[in-house]
Amino acid sequence: MADVCRKNGFGPTSLVRSFADDQVGVSASTEHRTRVQGCPSQLLLVDATVLRLILSGRLGSSLHLRAVGSREQRRLNRTDIRPKPRSPKDSRYHTGVFDSADYELAWPRKLFVAEAKALLNSPPASWVNRFELLLMEAFRGGAPADDFRGATADEWGSHTITKHQFADRLAAEADTLRQANTPRPYWPARHSESGSGAVKVDPIHRQRDFTVLITELKRIGYFDQTFPTPCVDDREPAVVDPNSELAARLGVPGLWPLRPGTWDDETFYGLIEVFHDLVARPRERTWHDYGGCGWHYAAFALEPARWLYRWRVNRLLEAAGVELRLADSGEDTGRLVHLVDPGRADLLESALSNPDRVTRGTVEHAIALFRARSATDHNKKSAIVALAGILEERRKLLKASVFTKDEGALFRIANEFGLRHQNEAQKFHYDSAFLDWVFWWYLGTVELTDRLIVRQATTP
């Protein structure tokens, strides 16, 4: 079909009437009209979910239709309302078929794509329910899950669309999906006396926000692997006391149930790190209605849950003005580290991607020592010495490619400023900011030599 439907208020019992010379679509529930071109000259009934997909432009111009009886034909009047045709400038033609507020991601885009691809490779018997659950979690609204349920293997005109094709297309076009962000400041914040629009978050408020997050994740089964919910059918249910688990990990009793406002910073930050290690995403769930038992969760996956947890907590810390973040990679993944600017963050990510396992391990250890929340000058010196060792191994490469006259200048700081050696000739009196500068200089040089090694290996 050449052009099918501009949306104008279709309800659950959407009816389409077509005529050979002037086809008109009618919603029986709203009495709105929509022009349809290319339909056969008969009255047709359109599945509501299918129709919504077509109207939004997500599934092209083919309809899954079936004829209805003459009684319904007589009920419909023949008023022809001619809507304005869709403009070629409509954003859907340029920004992607899923570029809609109905398809607004509540997850990080890369995480959604990774989890979607993992589920597409799940066993055929389980992947549909798993993917539907993913859509319910990963998007702000229910439209993606509704559209997925409506996708069938039946023919839609000259094409077919299956649930697997829908899911595959959604993952492939994830770059067009909108990302749900924190709402822009509302009127009171924009017109406050300070004029900045910023909202100060006190320590108690940030602890409350964290408690809300943990409560939400618990409600959807993210802690059921560690703290399984008892079933009414279990004669001897396995009961794990969260209070005991938290006390064993942090050495602080009485932490569960969570009571925001009662923790000092050390306890609060400790809870953030502990829950990172306890979280697991359930990819399956079943409803047990007997005795009000509720949902049972299964098929737990650690990596997507921890990825999502870090993202959610880091957004919370950013909003609260805390200059700490949960590390996403490296030896200290899931531990709070000092925030760095985007340029240094890119350098860290690049340095941690070294394909050589031994070198990457040394770099990971150096970074973990340097950026730890409780890092001391001694820790930072140890990190610098570890990086200097890598550069020493690559001294010939540095002399040939970078320092053609005197590569030794790179090592004078490590050898003369109380880093690698401890003797009377060393210089010890300097500010700790000096250690920060040396660390980033050495890490940048290590990353540079990584790229030089890759270039030499790929150059004929």
| query | Can you sort LEU397, LEU391, LEU369 so the residue with the fewest Cβ neighbours within 10 Å comes first? | reply | LEU397, LEU391, LEU369
| Ranked highest first by average number of other Cβ atoms within 10 Å, how do 220-233, 174-187 line up? | 220-233, 174-187
| Over the stretch 234-300, what is the mean sequence separation of C-alpha contacts under 8 Å (at least six apart), divided by residue count, expressed as relative contact order in percent? | 20 percent
| task | For the stretch 325-377 and the stretch 384-398, write down the distance between their C-alpha centroids in whole Å. | result | 18 Å
| said: Taking 0.36 nm per residue of sequence separation and subtracting the Cα-Cα distance, how much length would be gained by fully extending the chain between ALA189 and ASP356, in nm to one decimal? | reply: 55.1 nm
| field | Amide hydrogen neighbours beyond the local backbone of PHE139, cut-off 5 Å, H modeled | value | ALA106
| request: Obtain the nm distance between the two label points defined at PHE227 and HIS338 by a simple spin-label model: each point lies 7 Å from its Cα along the Cα-to-C-beta direction. | output: 3.4 nm
| If you rank ILE204, ILE367, ILE453 by fewest surrounding Cβ atoms within 10 Å, what's the result? | ILE204, ILE453, ILE367
| request: Please work out how much length the chain gains when fully extended from ASN181 to GLU392, using 0.36 nm per residue of separation minus the C-alpha to C-alpha distance, in nm with one decimal. | output: 71.4 nm
| request: In nm, give the distance between the simple-model label positions of GLU266 and ASP241, each being 7 Å from the Cα along the Cα-to-Cβ direction. | output: 2.4 nm
| Ascending count of other beta-carbon atoms within 10 Å, so fewest first, for HIS191, HIS164 | HIS191, HIS164
| said: Give me the net charge for the shell around SER350: Cβ to Cβ below 11 angstrom, other residues only, Lys and Arg +1, Asp and Glu -1. | reply: -2
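Each value in this text was obtained by applying a stated rule to the coordinates, not by laboratory testing. All values derive from a computational prediction rather than experimental measurement. Virtual Cβ from ideal backbone geometry, glycine too; neighbours counted across all protein chains shown.
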